[in-house]
Amino acid sequence: MSLGGLVVAKTGLSVGTDASTNETVLFTSNLPSKLLNNNGKGLHILAVVSVAANANTKDVRVRMGSLTGTILADTGAVGANNKAYFMEVWIIRTGASAQDVFCASKVSTTVITGFVQTTVNSSSGIQFVVTGQNGTASANDAVLRAVWVDLITEGGVATAGGVNHAVRCQILRCTTGSSAAIREPTQRRT
């Protein structure tokens, strides 16, 4: 049996690329530390992006840590016209400073999958960014609409060990902007 819980829910976003061809950060995570305090625990990230109704190429990525971090998921430079991009990333702790990362990106009818192993301190905090990059200097060719992060555990409790429940809720309120977006862990069947 796996247990999981919503850690971050950012919906109703409208953060777009600027009028350049530079890779731009659309979202930066602020996850509490110690979420991945044991092997087998993981994070499931879902990012939803809409793209402009033009033939310009748009590339959306999820990166570990920052704009210069390891690419976890990448749509590739696609000339999608008025479509949605869905990007999913699963980060599974395999050691104190080791993670297996699986991804699936869907652009229109094309699915791109990938696998990478990262070496970030699992307990000090796994962070990520969602970025967008235009092929043509045109503002808002890619617009981030929502980001969700779920905690995944295997046969355990869906709370971060060592993180006080009240502090965890306070951190999540800061991250989500309100306590209404915080859900306590729910049981999931596998």
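Within the straight-line cut-off of under 20 Å between alpha carbons, the lysines reachable from K106 are K10, K58, K83, sequence neighbours fewer than 8 places apart in one chain being disregarded. Counting charges near A84 (Lys, Arg +1; Asp, Glu -1) among other residues having Cβ under 12 Å from its Cβ returns a value of +4. Each residue in D18, D74 was given a count of other beta-carbon atoms within 10 angstrom of its own, and listing them fewest first yields D18, D74.
Distant-in-sequence amide contacts of G76, defined by a placed amide H-H separation under 5 Å and a gap of 5 or more residues or a different chain, comprise V60. Of the peptides 96-104, 35-43, 127-135, the order by per-residue mean of other Cβ atoms within 10 Å, starting with the highest, comes out as 127-135, 35-43, 96-104. Of the residues V89, V48, the one with the fewest other Cβ atoms within 10 Å heads the list, and the complete ranking is V48, V89.
When T153, T119 are sorted by how many other C-beta atoms sit within 10 angstrom of their C-beta, beginning with the fewest, the order is T119, T153.
Counted residue by residue at 0.36 nm each, then reduced by the alpha carbon distance between them, the extension gain from V25 to L67 reaches 14.5 nm.
None of the figures in this text is laboratory data; all of them are computed from the coordinates on show. Keep in mind it's a predicted model, so treat the numbers as computed, not measured. Neighbour counts run over all protein chains shown; Cβ positions are idealised from the backbone, glycine included.
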